[in-house]
Amino acid sequence: MRQLAPDVRLRKMVLADLPAVMAIEHQAFSNPWSTEMVRKELTQDWSTVLVVEESSPAGWQLRAFAIFWLVADEIHVLNVATDGAVRRRGFGRQVMEAVLATGKTQKCRLATLEVRRSNEAALALYNSLGFRAVGMRPSYYQDNREDAVIMILDL
Ligand SMILES: CC(C)(COP(=O)(O)OP(=O)(O)OC[C@H]1O[C@@H](n2cnc3c(N)ncnc32)[C@H](O)[C@@H]1OP(=O)(O)O)[C@@H](O)C(=O)NCCC(=O)NCCS
């Protein structure tokens, strides 16, 4: 994992982050998770939510987050998003690298995720991290019946 810039920090999400995480979630997805769904992740032993923050004159600003499960020896990434105003500045990569580093520390064998077939930005991010497409779930997403690409990475 690359060194973070001095004005960037990574940490686990806490309840007080919920409004900032939900603001990004609503901006990022046509079919966003509910506040209750995200809140529940904070209570599950197997779930972790990581956030990346950047220092600004107004204080630390939440820029990106990732939600993942650690089950047996696998990491499953459920949700990743970057604030729409600061995309393409490396926050998505940094939070994903932290997810994968956690998996390695926990001696996981594999990381898996699903991504919409049309999501070029996310596909490019995951490919650049070493994920490879291993299959398809046809009509997986209920809102528009879009296919999901199943991706895995050997850790
Ligand atoms: C996917 C997402 C999380 C990427 O976050 P980000 O902070 O903008 O990504 P980064 O700046 O870390 O980009 C890392 C790499 O991903 C790829 N990438 C990111 N955005 C891209 C885009 N719009 N087009 C093509 N490649 C892109 C590039 O390879 C990029 O590296 P580079 O900038 O050195 O070329 C962000 O676009 C997002 O929140 N999208 C909406 C939510 C979403 O689709 N989440 C994924 C669900 S599976």
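The values are calculated or read from the model by the stated rules, or taken from the named source; none is laboratory data. Since we're looking at a predicted model, the values are computed, not measured. Every residue, glycine as well, gets a Cβ built from its backbone with ideal geometry; the counts of neighbours run over all protein chains shown. Note: areas computed on protein heavy atoms with side chains; ligands, DNA, RNA excluded. Shrake-Rupley method; radii C 1.70, N 1.55, O 1.52, S 1.80 Å.
Brief remarks follow.
- Selection count, the range 103-139, where residues are loosely packed, with under 14 Cβ neighbours inside 10 Å and in a strand (DSSP E or B): 7
- In the condition set (1) over 22 Å from Q3 (Cα atoms); (2) open to solvent by less than 60 Å² (accessible area, probe 1.4 Å); (3) assigned to a helix (DSSP H, G or I); (4) aliphatic (A, V, I, L, M), V95 is compliant with all but (1).
- Residue selected from the range 34-67 under the condition assigned to a helix (DSSP H, G or I) and open to solvent by less than 50 Å² (accessible area, probe 1.4 Å), by the criterion farthest from Y141 (Cα to Cα): E41
- Index of the failed condition, N31 passing every other in (1) assigned to a loop (DSSP other than H, G, I, E, B); (2) open to solvent by 60 Å² or more (accessible area, probe 1.4 Å); (3) more than 27 Å from Y140 (Cα to Cα); (4) within 14 Å of the ligand (Cβ to nearest atom): (3)
- In the range 42-58 there is at least one residue matching the filter, namely being more than 23 Å from Q3 (Cα to Cα), modelled with pLDDT under 95 and among the small types (G, A, S).
- Failed condition for V51, given (1) in contact with a Lys or Arg (Cβ under 8 Å, 6 or more places away or on another chain); (2) within 8 Å of the ligand (Cβ to nearest atom); (3) among the β-branched types (V, I, T): (2)
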